[in-house]
Amino acid sequence: MTLKACKKEEKMDREFQKKFKFEGSINVLTRMMVDPAATEKRGGAKNLPLRRGEILDVIQFTNQEQILCRNSQRRYGYVPRAVMLPL
């Protein structure tokens, strides 16, 4: 990975921590897949856009309805638990 890409990732991680008031290091707890039968969603202010069959990194199990996740483009956001399947 180049120095420029590394700095860009660090900046994205800092923005994530500020936006979601997340403290500590960002650790991936597990990986989960978006249900292939689920409807695709665009996302919103703090919600992650969903694509069918996409594999997401789980950062935090926030509550019974939502999970804080990261997608392959290193974008962060909340995802409904109802559309997530374990790998």
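Please give the FRET efficiency for A5 paired with T62, using the beta carbon to beta carbon distance and R0 = 22 Å, rounded to the nearest 0.05.
0.15
Let me have the relative contact order for the chain, percent, based on Cα pairs under 8 Å that are six or more residues apart.
Computed value for the chain: 26 percent relative contact order.
Under 23 Å from the Cα of K4, which lysines turn up, not counting those fewer than eight places away in the same chain?
K18, K19
Simple spin-label model, 7 Å along Cα-to-Cβ: E15 to L87 in nm?
Reported label-point gap for E15 and L87 is 2.5 nm.
What is the magnitude of the charge dipole of region 1-84 about its Cα centre, with +1 placed on the Cβ of each Lys and Arg, -1 on the Cβ of each Asp and Glu, and no other charges, expressed in debye to the nearest 20?
Approximately 360 debye in magnitude.
In degrees from 0 to 90, rounded to the nearest 10, what is the angle of the helix 3-19 Cα long axis to the longest principal axis of the chain?
Compared with the principal axis, the helix lies near 60 degrees.
Take the Cα of S72, step 7 Å along the line toward its Cβ, and report every residue of region 11-43 whose backbone nitrogen sits under 14 Å from that point.
Hits in region 11-43 for S72 at 14 Å: 32-34.
Carbon and sulfur: what percent of the chain's accessible surface (1.4 Å probe)?
Taking all protein chains in place, the chain shows 50 percent carbon and sulfur surface.
Among C6, T39, T62, pick out the residue whose Cα is farthest towards the positive end of the charge dipole of the chain, where Lys and Arg carry +1 and Asp and Glu carry -1 on C-beta, about the Cα centre.
Selected residue: C6.
The values are calculated or read from the model by the stated rules, or taken from the named source; none is laboratory data. Quick caveat: nothing in here was measured; it's all calculated off a predicted structure. Please note: Cβ atoms are built from the backbone with ideal geometry, for glycine as well, and neighbour counts cover all protein chains shown. These area figures cover heavy atoms from the full protein model, side chains too; ligands, DNA and RNA do not enter into them. Shrake-Rupley method; radii C 1.70, N 1.55, O 1.52, S 1.80 Å.
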